Every structure is written in structure tokens, then in C-alpha cells.
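Read the structure below first, then the notes.
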Amino acid sequence: MKTDLSCVQCLVRNIVTLANLLADDEETRLKIVRKMLAELSEFDFHLPPPLMARRIHAYATEVTGKSDPYRRQKDESTRLAQELLREFLEEKKLDPNDFESLIRLAIAGNIIDFGVNCDLKLEDARETIRLAFRKPIDSRALKTAEEAMENAENILYLLDNCGEAVFDTLLVRRYRSKVTLCVKGIPVLNDVTRREVGPSGFDGIVKRVIDTGDGTPGVSLEHSSREFREAFESADLIVSKGQGNFETLHDTDRPILFLFMAKCPLVAGMLNAELNSFQIVCRNLRGETPVRDLK
């Protein structure tokens with residue numbers, strides 16, 4: 001996905017938000033903002049926006065020495081999701097044996113995203129997640145997704161945000177014997193790293209966890225580790241969580257299943273979908289989802 005002019009506003013907001021979050025003094029904040037605005041002015045708009053976000057985070061953390069700026073938000077998001085999951089199970093709103101319920105919950109958790117929504121209030125996210133079982137969903141794509149996950153022997157599951165990952169545990173558990181779990185190699189936004197795998201509830205569920213070796217809020221194969229690239233190329237199916245992963249991987253030739261909320265107008269337009277709709281996007285699979293402007 002190319003970076004669009006409409007992405008500039010979001011990227012600038014992220015620059016300012018990160019500078020305010022990380023820097024303790026005005027001089028450092030201005031240094032980050034000025035440097036990253038200059039970088040943005042020279043950025044290749046043929047590349048996906050998460051690659052610019054990668055630069056923003058790398059520079060801001062280097063200047064301030066604070067490597068994991070969203071740690072508090074990540075831990076709070078995880079606790080919120082654990083609380084909601086207990087609520088859903090106790091009140092029998094969720095059938096852990098029903099594939100559609102697991103998919104709906106996995107997608108609903110994608111609202112916990114401090115990249116698209118810098119000012120996200122977790123209480124607002126709580127209400128969105130509670131609507132998970134009433135939102136419209138593409139039944140044809142759902143069937144394709146279930147068939148793909150049932151038939152695959154080697155699934156690479158790309159996690160996205162903290163909190164959201166707690167809900168992923170139910171879907172991953174269903175296919176635990178054939179899942180390799182993947183997280184970010186370097187902290188970025190509120191994305192899951194190895195630190196959050198255990199607290200999210202994956203201990204004892206999956207045998208293999210790898211990371212991208214990178215801090216892109218999506219996937220940059222160019223910057224990823226050899227281990228990740230080999231896993232990516234050898235998987236029978238890649239299950240990709242989150243909009244950032246969609247933005248960076250939607251034109252791959254690998255069999256891939258994207259599960260996310262379409263949280264920006266540009267992505268929603270690519271899918272001819274409503275803003276904040278639940279998306280099951282199948283690429284290089286039977287029943288492939290039409291996507292506009294792939295190049």
C-alpha cells in the first residue's frame with residue numbers, strides 16, 4: 001500500500017504524540033519533531049506508511065533513551081482484555097468452540113490501537129469490544145478463513161496489539177499444534193513483543209514463538225530477521241492481525257488471512273467497506289477478497 005497524502009496528518013500526529021510522550025523537555029521535543037518532519041518531507045510515498053512510523057519510533061527512542069514508550073498502556077490494555085474475556089466466558093456471551101465467535105473477538109480487540117488513535121481511551125475500547133458479537137461480518141470470507149485454518153498444517157500467526165492478543169489466545173488455542181506465534185522484535189507503539197507473550201496468556205499454548213527482529217508497526221521483510229523471513233516463506237497459511245500488517249503485506253504472493261478493523265478511510269476505501277468495520281480479507285486463497293489499488 002502506498003502512502004497517501006491523507007496519511008500525512010496521522011503521521012504528523014504520531015510524531016508530536018511520541019515527542020510529548022518520550023521527551024521531558026521542550027528542546028528535545030522540538031528536536032524530534034523537526035527531524036521527523038524533515039524525514040517525512042523526503043519519505044518515498046510509494047512505500048507503506050508503517051515504514052515512516054518505524055523511522056519516527058527509532059529516532060525518538062534513540063534520542064531519549066526510552067525504548068518502550070507505551071509499556072504502561074500495553075500493560076493496562078492486557079489487564080482490560082483479561083477482564084473482558086473473563087466477563088464474556090462467565091456470562092456465556094462467548095462460545096469457545098464456535099469459530100465465528102473466536103474470529104469476531106480476535107477482530108474486535110484490534111480497536112486497542114495507539115497508532116491510529118493516539119488518544120485512545122480504554123473505556124471506549126471496552127464498549128467497542130462488547131459489540132463484537134453484533135457487528136456485521138462477511139460470511140463467505142468467514143467460511144474461507146475457517147477452511148484455510150483447518151486445512152493448513154503450518155500456520156504463522158502474526159500478533160498485533162497488546163490487549164488484542166489476549167483475545168487471540170482462544171483462536172490460537174484451537175489450532176495450537178500447528179501455530180508458530182510471531183511478535184515484534186523491537187517495541188513500537190503498543191504492539192506485542194516477547195515481553196508480553198506470557199502475560200497475554202500464551203504460555204503453554206504454543207511451542208514456538210519468533211519475532212520479526214524489527215520495529216515496524218507492520219511487517220517490513222527488508223528489515224526483518226532471517227528466522228522470520230524463513231517462517232514467512234514456509235508457512236502454509238499466514239494469519240495476520242491488525243491494519244498495519246495489512247498495509248505492509250496486502251500485496252504479498254503468500255497465502256494470507258488478514259483479520260482487523262478498517263480504522264482509516266483510505267483502507268476502508270480499498271475494501272469498499274465502512275469505517276471501523278470488521279474485516280476478514282483473504283489473499284491468495286480460494287474465495288479471495290477484492291482489494292482496490294494494490295500497487
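When segment 198-217 is filtered for residues that are of a type outside the set (D, E, K, R), open to solvent by less than 20 Å² (accessible area, probe 1.4 Å) and out of contact with any Leu (no Cβ under 7 Å at 6 or more places or on another chain), the ones remaining, listed by number, are Ser200, Ile205, Ile210, Thr212, Gly215. Cys264 satisfies every condition listed in (1) on the phi > 0 side of the Ramachandran plot; (2) in contact (Cβ under 8 Å) with a residue 60 or more places away in the chain; (3) open to solvent by 20 Å² or more (accessible area, probe 1.4 Å) except (1).
Residue-wise test of (1) assigned to a loop (DSSP other than H, G, I, E, B); (2) crowded, with 20+ Cβ neighbours inside 10 Å; (3) at pLDDT 95 or above.
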| position | (1), (2), (3) |
| --- | --- |
| Thr17 | no, no, no |
| Asp24 | yes, no, no |
| Arg29 | no, yes, yes |
| Ile32 | no, yes, yes |
| Lys35 | no, no, yes |
| Leu40 | no, no, yes |
| Asp68 | yes, no, no |
| Lys74 | no, yes, no |
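Which residues, counting only those in segment 238-253, are part of a helix (DSSP H, G or I) and either open to solvent by 10 Å² or more (accessible area, probe 1.4 Å) or at pLDDT 95 or above (or both)? Across segment 238-253, the qualifying residues are Gly244, Asn245, Phe246, Glu247, Thr248, Leu249. Among the listed residues Asp253, Asp211, which satisfies the condition of being touching a helix residue (DSSP H, G or I) at 6+ places or on another chain (Cβ under 9 Å) and among the charged types (D, E, K, R)? Among Asp253, Asp211, only Asp211 is touching a helix residue (DSSP H, G or I) at 6+ places or on another chain (Cβ under 9 Å) and among the charged types (D, E, K, R). Residues in segment 123-151 that are closer than 18 Å to Cys282 by Cα, open to solvent by 10 Å² or more (accessible area, probe 1.4 Å) and hydrophobic (A, V, I, L, M, F, W, C): Ile137, Leu142, Ala148. With respect to (1) within 19 Å of Ala108 (Cα to Cα); (2) exposed (fewer than 15 other Cβ atoms within 10 Å of the Cβ), the lone exception for Asp168 is condition (2).
The values are calculated or read from the model by the stated rules, or taken from the named source; none is laboratory data. Since the model is a prediction, treat every value here as computed from it, not as a measurement. No Cβ is skipped: glycine too gets one built from the backbone with ideal geometry, and neighbour counts run over all protein chains shown. Heads up: the accessible areas ignore ligands, DNA and RNA and are worked out on the full protein's heavy atoms, side chains in. Shrake-Rupley method; radii C 1.70, N 1.55, O 1.52, S 1.80 Å.
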